[in-house]
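Worksheet for the structure shown next.
Any read-out appearing in this document is the output of simple, stated calculations on the displayed coordinates, not a laboratory observation. Quick caveat, the model's predicted, so the values are computed rather than measured. Positions of Cβ are generated from backbone atoms using ideal geometry, with glycine treated the same way; all protein chains shown enter the neighbour counts.
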Amino acid sequence: MTASALERKTSERVRISVGKNGTTTWMPQELLFELKDARVTPHIATFGGTSYQIATIGSVHVARRKRSNPFAVLTFLLGLGVLAAAIVKSRMTGLADEYFSMAVTGVAVMLAALLLQLIWPGRVYVLVLRTSSGDVDAVTSRNKEFVSNLQKAVEQAFLVRAREPPVSEAGGSTATSM
């Protein structure tokens, strides 16, 4: 690892403790992941403007969810408009037979839009953090790789924290030597 990469990885500093006399101890924080508005260190995960303490996260997983396909929604609205126009024109003129094919076309377009939504839904991937207050949708993205990398970074933060010795109230290590 180059010196600049190491400097970048440890450039962020985090307040570890405040002593009895009001002094603050700052320690370098290893950067595990940073891309866009997401940043993960062994102690803090920040997504957008929200930060989570790694110690308060019980588990993490990626959920795939479906959402409306914008093209299918527009197609459905177009079909609905054609159907509405056929109904209005047939009532105005009193000639329902002349506008029957237009109404059938509107219904067919609406059915095609529903099928399109079933076949080609919009998909998003959500990073879900399980905390003591319940599941939190921390990040939502169409980019599966990005969300998967965030999950791996949070899991790596779990491992880094598990390897650290516990810290006592006075700020010293509670590990005993054998």
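Overview of values
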item	result
Set 118, 114, 80: member being over 28 Å from the mean Cα position of the chain (by Cα) and surrounded by fewer than 16 Cβ atoms within 10 Å (Cβ to Cβ)	80
Residue 63 being surrounded by 13 or more Cβ atoms within 10 Å (Cβ to Cβ) and touching a helix residue (DSSP H, G or I) at 6+ places or on another chain (Cβ under 8 Å)	no
Number of the condition not met by residue 128 [criteria: (1) under 30 Å from residue 35 (Cβ atoms); (2) in contact with a Phe, Trp or Tyr (Cβ under 8 Å, 6 or more places away or on another chain); (3) not charged (D, E, K, R)]	(2)
